[in-house]
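To keep things clear, I will list the structure first and then write my remarks on it.
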Amino acid sequence: MDSSGAAPSQQRCRARVTGQNPLKLRVIALAHKLPAWAAAACEDYSRRLPREFPLEICEIRPEPRDRGKSVEQILAAEGERIVAASHGCVVVALDERGEPWTTARLARDLSRWHDGGRSVAFVIGSADGLSPKLKRDANAVVALSALTLPHGLARVVLVEQLYRAVSMLRGHPYHRE
């Protein structure tokens, strides 16, 4: 601990996020209307984020499932809209079979992207997931959990983890190890 009470690693990370350019966080979600409890939770965590980590939630309507298209065609069409919405961003695709990240890993990557002036888009797929091409082209494929989560809960978990990771970078006591 230093004189401010922060652990050395937290202090080092905190000093790295003092740049002028904000890291734009974007959550791209293929979903219909969220339940009120999930929307309220996401809004609460979003409001808590500091100005240098603004969060934008971009909702994309899932492709209709009743038009005789195959799942592959549906995922490809959704993938095209996701690519357009994530243009210019580091893309992190969320998938239950992705790499498990810790909150500390997320914080380190947020710091690195912030330092590099990169914006990042976290993508939550539709009921059928994400297209294989989108996952292949993504900068990272990450699992929030090995469990299959309902869409609203996945979004709340993601936004809370973004808040927690930023709190770690700023040396805020929200996260405890």
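Readers should treat all values here as calculations from the given coordinates under stated rules, not as data from a laboratory. It should be emphasised that the depicted structure is a prediction, and the values quoted were computed from it without experimental measurement. Here the Cβ positions follow ideal geometry from the backbone for every residue, glycine too, while neighbour counts run over all protein chains shown.
Given a Förster distance of 30 Å, report the FRET efficiency between Val71 and Ala39 from their Cβ-Cβ distance, rounded to the nearest 0.05.
Values: r = 28 Å, r/R0 = 0.92.
The calculated FRET efficiency here is 0.60.
Compute the helix-to-body angle for 103-115: its Cα long axis versus the longest principal axis of the chain, expressed 0 to 90° and rounded to tens.
Roughly 80 degrees, rounded to the nearest 10.
Classify segment 8-169 as rounded, prolate or oblate from the Cα gyration tensor: take a ≥ b ≥ c as the square roots of its eigenvalues, call it rounded if a/c is under 1.5, otherwise prolate when a/b beats b/c and oblate if not.
Working: a/c = 1.97, a/b = 1.71, b/c = 1.15.
Prolate is the answer for segment 8-169, as a/c is 1.5 or above and a/b outweighs b/c.
Mind checking which of Asp95, Asp115, Asp128 has the largest fluctuation in a GNM of the chain, springs on alpha carbons under 10 Å?
Sorting by GNM fluctuation, first place goes to Asp128.
In whole angstrom, note down how far apart the Cα centers of segment 82-105 and segment 128-177 are.
Taking the Cα centre of segment 128-177 as reference, the centre of segment 82-105 is 8 Å away.
Could you check which residue among Ala31, Ala40, Ala121 shows the biggest mean-square fluctuation in a GNM of the chain with a 10 Å Cα cutoff?
Ala40
Only bridges whose two residues both fall in segment 8-169 count here: according to DSSP, what percent of them are antiparallel, nearest 5?
If I count the DSSP bridges inside segment 8-169, around 5 percent turn out antiparallel.
Report the residue, chosen from Ala138, Ala77, Ala85, that carries the largest GNM mean-square fluctuation when the chain is represented by alpha-carbon nodes joined by springs under 10 Å.
Of the options given, Ala77 has the highest mean-square fluctuation.
Using a Cα-Cα cut-off of under 22 Å, which lysines could be cross-linked to Lys69, ignoring same-chain neighbours fewer than 8 residues away?
Straight-distance partners of Lys69: Lys133, Lys135.
Amide H of Cys89 versus every other amide H placed in the peptide plane: which residues, excluding those fewer than 5 positions away on the same chain, fall under 5 Å?
Correct list: empty.
Relative to the longest principal axis of the C-alpha atoms of the chain, give the angle of the C-alpha long axis of helix 71-85, reported between 0 and 90° and rounded to the nearest 10°.
40 degrees
Express the relative contact order of the chain as a whole percentage, based on alpha carbon pairs under 8 Å and six or more residues apart in sequence.
On the way: 280 pairs, mean separation 60.1, N = 177.
Dividing the mean separation by the residue count of the chain yields 34 percent.
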